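Below is one structure, written out as structure tokens; the observations come after it.
The values are calculated or read from the model by the stated rules, or taken from the named source; none is laboratory data. Given the structure is predicted, the values throughout are model-derived calculations rather than measurements. Here the Cβ positions follow ideal geometry from the backbone for every residue, glycine too, while neighbour counts run over all protein chains shown. Heavy atoms of the whole protein, side chains included, go into the accessibility calculation; ligands, DNA and RNA do not. Shrake-Rupley method; radii C 1.70, N 1.55, O 1.52, S 1.80 Å.
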Amino acid sequence: MQNFFLVLAFFLAPITIIAQSEENNKKDKILDRDLKTKPLEKKKDSIEQDSITIKDYKIFYEDSSFISIDTSLSIKKDYKFNFLRKDNFELLSFANVGHTFNKLSYSFIENSNLPKVGARAKHYHYFEKKDIGYYNVPTPFTEIFAKSTFEQGQILDFLLSINLTPQYNFTFAQKGYKSLGKYVSTRSRGNQTRFSSNFNSKNQKTRWKFHITSQNIFNKENGGLTVDDIYFFEQAPNYFELDNSGNRILLEDGSYKMVYYDGYLDRSRLGSLIFAESSLYSKRFFSHIKRTILRNKNNIISLDYKFTHEYKKLQFSDDFGSINFGDLIVDDKISDESRFIKQENEVIATFDLNKMGKFDFSFNSISWLNKFKEYEDSAIDLINELNLNQQILSFDWIKKFKNSNIQLSYINSFKDRFLLNSMSLNFNFTFLRNFNISLKSSINENSPNFNYVLYRSIYSKYNWYNENLENLKTKNASIEISYKDLIKVYGEYNEIENYTFFRETADQLNGEIESKRFAIVEQNNSQIKYFKIKFDNKIEIGKFSLINTALFQKKEQTIDFGQLSTLNVPEWITRNTIMFSSDIFNNSLYIQTGITFNYFTKFYADYYNPLLSEFVTQNYKEIGDYPRFDFFFNARIQQTRVFIKVEHLNSSFTGYDYYSDPFNPYRDLSVRLGLVWNFFQ
């Protein structure tokens, strides 16, 4: 703890110096913590120029939503200052950054998705099409996100956006990271490059958005701790002393003799099940052209064309030749590889008919190729690739009223395999000023991901072709009620049929001590009923704030003999923050500091399978029921936000029983430093 305060003092010293001299700095164009619209300084050579505010810096997304760039500092920014740059309340991170996350909750309300390649554990920080922003900025805009990692490495996410003309913008962004990690064989690194462009013609009749991404995600895999290492992790630093026969020594008071040894608090001394490597390499090109055909005072008719080409390569290699996943089909180097290509062409006709609403008619033609590496002299008689295509027709109707809007969507696939059929209704309205209600309901049918259907590997147990899997069917409804930022209540109810998952083959007797990890594809024949209620509220008393987030969820499932309980979740998840906020140094520096408490009840968490890059259902070991306290100190000066956090500060005195999955421990106490720095030129 003493080291932490030294780091804190060192980190704040330059901020204090800068804060004291800020009054003399008149060249900054944006000083807008709470998004108040103060005009920026006009250029000297400009005769006449409209006032520019921070709200003029906009980010557009593919779903037609947009946001303004926000340089404020709030507790939401603290929750999002992580590797994903998203609020990960319903996720549980692994020990090293850049790895994967375990799910604490599920959502099926947005389940209208086509089947994916799989390897979902590799996609938590993968930039999908919906994650790419298209900018429009009156002056060049730069953002730098930096944060420390574990042991060697750092995270740096850099973005530069420039409008060459008021009509044309291009944005370049790159996220690079590297972290050695505290545990053996957990190193992660990656490079994720994004280039996006946004063009609007002067007459507003032609719009073009496109982006190119290149992503390389690499992880060393250890498969979790061995049985012996789990013992050394949980008992540290006090262990039972054994006699020459290997038995515990009984003392006169009835207790057992203990020996103190803190060597295993150095996590690099703990072993691992495997020493392997896995990676995801991807490139994507996306283009969206929109042309207005007819425009008058009330009506607009337009045509859209979207094209997507996406390539992914998944690899798993093990130079040490461990057989923790079973026997090999050939005596060869363990080096699995699969390639996935998706090509999509979509045409959309839009009729915006004023009082009748907006109508979208879409036709989408998609092709997939999923091909696996072939091993010579293999005796496995299975197909080696899936080469498929699908055509989809969809319809959307959106009608906006004075204080409400309604949306009806319908999606239908032409072919029976690898399909997506969906019908949904969304209704949003506002009343009593700042009191919002959102209602959603949908019926979805979509095929399982490709790796449930076909998978090929050098490991004999990991070869299958399941061509008769049923489609997943869900019926769901949700409601969200909110009042400003003070309170929000969200409820969701789902009925799920044919839920498909990976199942652990070990039973409750030997599951924890089994060294070999076999996973098979299984489909649940019974209906699963799953609901959750999430509550957010904020209470402010002077400069102090109490921010609470709680989630209660329940699952009902009929289990036949020999089946596993799946879709396992903790009953309760909570996060509570006590925070002090204040302006200091004549309002030049804004600070927030406090403590955040995280907790979830015990449940049978899925475990991470590095060969599949998927999570596997098990029913023999529970995790959870451990508190986590994080101390934070955040500061904002001009457009720079500084974040200092002591993660899991109670780890050394509440017991070493914290896990991210049954075999992978959660993080120990650590001090993390970082910042987000914006430039408006």
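So with the 1.4 Å probe, I'd like the accessible area per residue for the range 400-528, rounded to whole Å².
Result: 52 Å² of accessible area for each residue.
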## Note on the structure
Between the residues Tyr106, Phe145, Tyr134, the Cα farthest towards the positive end of the dipole of the range 76-163, that dipole coming from +1 and -1 charges on the beta-carbon of Lys, Arg, Asp and Glu, is from Tyr106
### Query
Along each of its three principal axes, how wide is the spread of alpha-carbon positions in the range 144-197, in whole angstrom units, largest first?
51, 15, 8
### Task
Report the one residue of Phe431, Ile380, Ser441 whose Cα lies farthest in the direction of the positive end of the charge dipole of the range 354-451 (charges on C-beta: Lys and Arg +1, Asp and Glu -1; origin at the Cα centre).
Phe431
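What does the charge dipole of the range 359-464 about its Cα centre add up to, to the nearest 20 debye, if the Cβ of each Lys and Arg holds +1 and the Cβ of each Asp and Glu holds -1? Present the calculation step by step, with values, prior to reporting the outcome.
Values: 11 positive and 9 negative charges, 161 e Å.
Magnitude of the dipole: close to 780 debye.
Work out, step by step, the length gained on full extension between Thr206 and Asn296: first 0.36 nm times the residue separation, then minus their alpha carbon distance; give nm to one decimal.
Values: separation 90, 0.36 × 90 = 32.40 nm, distance 1.56 nm.
Taking Thr206 through Asn296 to full extension adds about 30.8 nm, to one decimal.
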### Message
Give me a comma-separated list of calculated 3J(HN,Hα) values for the range 574-590, in order, Karplus coefficients 6.51, -1.76, 1.60 applied at θ = phi - 60°, integers in Hz, x for any Gly or Pro.
### Response
9, 9, 10, 10, 10, 9, 10, 10, 6, 8, 10, 6, 6, 6, 8, 10, 10
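At R0 = 25 Å, how high is the FRET efficiency between Asp243 and Ile513 if r is their beta carbon distance? Nearest 0.05 is fine. Working shown, then result.
Values: r = 24 Å, r/R0 = 0.94.
Once the sixth-power term is evaluated, E becomes 0.60.
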### Query
Rounded, prolate or oblate: which fits the range 62-168, taking a ≥ b ≥ c as square roots of the Cα gyration tensor eigenvalues, rounded meaning a/c under 1.5, else prolate when a/b beats b/c?
oblate
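Helix-only mean residue ellipticity at 222 nm, the chain, DSSP H runs n ≥ 4 weighted -39,500 (n - 2.57), per residue, nearest 500. What is it? Kindly include the intermediate steps, with their values, before the conclusion.
Details: 4 runs with 38 residues, N = 681.
When only DSSP H runs of four or more count, the value is -1500 deg cm²/dmol.
Please arrange Arg207, Arg120, Arg575 by accessible surface area, largest first, computed with a 1.4 Å probe and ligands excluded. Could you put the intermediate results ahead of the total?
Values: Arg207 110, Arg120 65, Arg575 15 Å².
Most to least solvent-accessible, the answer reads Arg207, Arg120, Arg575.
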### Query
If you average the sequence gap of Cα pairs under 8 Å that are 6 or more apart and divide by the length of the chain, what percent do you get for the contact order?
12
### Query
What distance in nm separates the simple spin-label points at Glu385 and Asn88, each placed 7 Å from Cα in the Cβ direction?
3.6
### Summary
Ignoring chymotrypsin sites (Phe, Trp or Tyr not before Pro) buried by more than 10 other Cβ within 10 Å or outside DSSP loops, the longest site-free run in the chain is 1-319
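How large is the charge dipole for the range 434-486, taken about the Cα centre, if only the Cβ atoms of Lys, Arg (+1) and Asp, Glu (-1) carry charge, to the nearest 20 debye? It would help to have the intermediate numbers written out before the result.
Working: 6 positive and 5 negative charges, 21 e Å.
The calculated dipole for the range 434-486 is roughly 100 debye.
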### Task
Roll a 1.4 angstrom probe over the protein heavy atoms and tell me the percent of accessible area of the range 604-681 that is carbon or sulfur.
56
### Query
Under a point-charge model restricted to the Cβ atoms of Lys and Arg (+1) and Asp and Glu (-1), what is the dipole moment magnitude of the chain relative to its Cα centre, in debye to the nearest 20?
3840
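Average the reciprocal distances over every distinct pair of alpha-carbons in the range 532-681, invert the result, and give the Kirkwood radius in Å.
Numbers: mean 1/r = 0.0545 Å⁻¹.
Kirkwood radius, the range 532-681: 18.4 Å.
Tell me, what is the FRET efficiency for Glu151 and Lys484 to the nearest 0.05, using R0 = 51 angstrom and their Cβ-Cβ distance as r? Before the final figure, lay out each step's value.
Values: r = 43 Å, r/R0 = 0.83.
The calculated FRET efficiency here is 0.75.
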### Task
Output the pairs from Lys58/Lys297; Lys333/Lys373; Lys313/Lys342 with a Cα-Cα distance over 19 Å in this structure; if there are none, say none.
Lys58/Lys297
### Query
For the chain, with the dipole built from +1 on Lys and Arg beta-carbon atoms and -1 on Asp and Glu ones, taken about the Cα centre, which of Ile300, Thr593, Leu250 lies farthest toward the positive end?
Ile300
### Task
Quick one: go through the range 640-681 and flag any residue whose amide nitrogen is under 16 Å from the point 7 Å out along the Cα-to-Cβ line of Ser322.
661-665
#### Entry: Label-to-label distance, nm, for residues given as Glu110 and Ile341 (7 Å Cα→Cβ offset)
3.1
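Using a 1.4 Å probe on the protein chains only, how many percent of the accessible area of the range 381-446 belongs to carbon and sulfur?
Working: 2270 of 3960 Å².
Of all accessible area on the range 381-446, carbon and sulfur atoms account for 57 percent.
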### Task
Report the calculated FRET efficiency for Phe552 and Phe435 (r = Cβ-Cβ distance, R0 = 22 Å), to the nearest 0.05.
0.40
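Going through the range 347-435, which GluC sites (Glu not before Pro) have at most 16 other Cβ atoms within 10 Å and a DSSP loop state?
Here the sparse-neighbourhood loop sites are Glu374, Glu376.
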#### Entry: Reachable aspartates and glutamates, given that their alpha-carbon falls under 18 Å from the alpha-carbon of Lys400 and they are not under 8 places away in the same chain
Asp63, Asp352, Asp360
### Query
Which distance in Å, rounded to a whole number, links the C-alpha centroids of the range 163-181 and the range 628-681?
25
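How large, in Å, is the chain by the Kirkwood hydrodynamic radius built from its alpha-carbon pairs? Don't skip to the end; give the middle numbers.
Working: mean 1/r = 0.0358 Å⁻¹.
Hydrodynamic radius (Kirkwood, Cα only) of the chain equals 27.9 Å.
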